[in-house]
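Structure first, then comments.
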Amino acid sequence: MTFEEIKKVLKNKTVGIAGAGGLGSNCAVALARVGIGKLVIADFDVVSESNLNRQYYFYDQVNQKKTTAIRTNILRINPEINVETHDLKLTPANIPTLFADCDVIVEAFDLADQKEMLIETMLTEMPEKFLVVGLGMAGWGMNDTIHCRQVGKMFICGDEISEIAPDLPPIAPRVGIVSNMQANVVVELLLNSFKS
């Protein structure tokens, strides 16, 4: 497919992103660059200076709501995209409504309990939807450990082992690899070209 053919398909697709931090902000930008038609992004946090080592924000956006800042950044890249943002904490009660019209949902949370909550909600309330999860991206190096694994309609991107800790922080290179891997899986799914 040519890039024009890819954009023609993707402009009619909607992707939900749960969280606008390191994974979510970078995945959203990658999808905006390839011409996705609509993004539905939910996050309740604000940009902090400590986020700038791995998240797609700028110094002058510190203290802005992440949903406001990421919408601004995406529209600077692709003004034709429809960016729907929700400044709220995702729960089992609101996930099915917010992401009802999405073709694929991307899990981009920092905390393990939130990841688990989203996965369980998707499996029980929205089992027909594709879910792309980020799991294991802390530290640096170890490129050969990062992979994608399919479990039913769920795709897990990352090394699945490295947990964030003070001596193993999340930083731009590995977070970027995993977030772009998530975006790549989304594109494969939307173009019906995923090879299981």
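The values are calculated or read from the model by the stated rules, or taken from the named source; none is laboratory data. Note that the coordinates shown come from a computational prediction; the quantities given were computed from them, not determined experimentally. Quick reminder, even Gly has a Cβ in these numbers, built from the backbone with ideal geometry, and neighbours come from all protein chains shown.
The table that follows gives values for the structure above.
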| quantity | calculated |
| --- | --- |
| Pair list, Cβ < 9 Å and 6+ apart or interchain, from the stretch 79-99 residues that are assigned to a loop (DSSP other than H, G, I, E, B) to residues that are surrounded by fewer than 16 Cβ atoms within 10 Å (Cβ to Cβ) and among the polar types (S, T, N, Q) | Leu88/Asn94; Pro92/Thr124 |
| Test result for Asp110, in contact with a Pro (Cβ under 9 Å, 6 or more places away or on another chain) and either assigned to a helix (DSSP H, G or I) or more than 30 Å from Glu4 (Cβ to Cβ) (or both) | yes |
| Options Ile119, Ile164; residue that is on the phi < 0 side of the Ramachandran plot and at pLDDT below 95 | Ile164 |
| Flag if Thr72 is outside any loop (DSSP other than H, G, I, E, B), touching an Asp or Glu at 6+ places or on another chain (Cβ under 7 Å) and under 29 Å from Lys7 (Cβ atoms) | no |
| Residue among Asp43, Asp110, Asp87 that is out of contact with any Asp or Glu (no Cβ under 8 Å at 6 or more places or on another chain) and either closer than 19 Å to Gly22 by Cβ or crowded, with 18+ Cβ neighbours inside 10 Å (or both) | Asp110 |
| Looking only at the stretch 124-168, and only at residues there that are over 19 Å from Gly19 (Cβ atoms) and of a type in the set (Ser, Thr, Tyr), the one that is surrounded by the most Cβ atoms within 10 Å (Cβ to Cβ) | Thr145 |
| Single condition Glu107 does not satisfy, out of (1) acidic (Asp, Glu); (2) in contact with a strand residue (DSSP E or B) (Cβ under 8 Å, 6 or more places away or on another chain); (3) farther than 19 Å from Met126 by Cβ | (3) |
| Filtered residue count, the stretch 100-119, keeping only those that are touching a residue at least 24 places away in the same chain (Cβ under 8 Å) and acidic (Asp, Glu) | 4 |
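Yes/no per residue for (1) touching a residue at least 12 places away in the same chain (Cβ under 8 Å); (2) under 18 Å from the mean Cα position of the chain (by Cα); (3) on the phi > 0 side of the Ramachandran plot; (4) surrounded by 15 or more Cβ atoms within 10 Å (Cβ to Cβ):
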{"position": "Lys8", "(1), (2), (3), (4)": "no, no, no, no"}
{"position": "Asn26", "(1), (2), (3), (4)": "yes, yes, no, yes"}
{"position": "Lys38", "(1), (2), (3), (4)": "yes, yes, no, yes"}
{"position": "Asn51", "(1), (2), (3), (4)": "yes, yes, no, yes"}
{"position": "Tyr59", "(1), (2), (3), (4)": "no, no, no, no"}
{"position": "Val62", "(1), (2), (3), (4)": "yes, no, no, yes"}
{"position": "Arg71", "(1), (2), (3), (4)": "yes, yes, no, yes"}
